[in-house]
Amino acid sequence: QVQLVESGGRLVQAGGSLRLSCTASGSAFIFRIKAMAWYRQAPGKQRELVAVISSGGNTNYADSVKGRFTISRTNAKNTVYLQMNSLQLEDTAVYYCNGEPAEADWGQGTQVTVSS
């Protein structure tokens, strides 16, 4: 049973920064060989892919966050991070991590709210 636990979300003013963390656990989830990703779901919208990091550290980003967000990982800690800078109102959402493709059960996510 794989467990994904996200943390770090909170209320922040536009232009501010946050760092999200996600830790994976479970004997069936070999973190180091998996591409990992951050996703987000805003109210009334479908979940969307935000950023991906391969097992080798290559990264890709949605156009809407390119240049502002940075995904990284620490395999020894089974943890993936999302550094979010220059936050905008449109970044308000629940943020989730999962593999890419998303094969594990979704965690509870972490709420990011950007205020003006």
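The values are calculated or read from the model by the stated rules, or taken from the named source; none is laboratory data. In this text the structure is predicted, and so the values were computed from the model without any measurement. Please note: Cβ atoms are built from the backbone with ideal geometry, for glycine as well, and neighbour counts cover all protein chains shown. In case anyone asks, the SASA skips ligands and DNA or RNA and just uses the protein heavy atoms, side chains included. Shrake-Rupley method; radii C 1.70, N 1.55, O 1.52, S 1.80 Å.
So the values come out like this:
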item	result
Glu100 long-range amide H proximity, modeled H, under 5 Å	Ala35, Met36, Ala37
Hits among aspartates and glutamates - C-alpha to C-alpha of Lys77 under 18 Å, sequence gap 8 or more where chains match	Glu6
Convex hull projection area averaged over all views, the chain, Cα basis, nm²	6.6 nm²
Rh by Kirkwood over Cα pairs, then Stokes-Einstein D for region 59-116 at 0.890 mPa s and 25 °C, µm²/s	191 µm²/s
Cα centre as origin, Lys/Arg/Asp/Glu Cβ charges: the chain dipole, Debye	260 debye
For region 29-88, convex hull volume per residue from C-alpha positions, Å³	93 Å³
Neighbourhood net charge (9 Å Cβ-Cβ; Lys/Arg +1, Asp/Glu -1) for Val2	-2
Mean separation of Cα contacts under 8 Å, 6 or more apart, over the residue count of the chain: relative contact order %	37 percent
Distant-in-sequence amide H partners of Gln88 (H built 1.01 Å from N, under 5 Å)	Gly15
Per residue accessible area in Å² of region 38-116, where ligands, DNA and RNA are left out and the probe is 1.4 Å	51 Å²
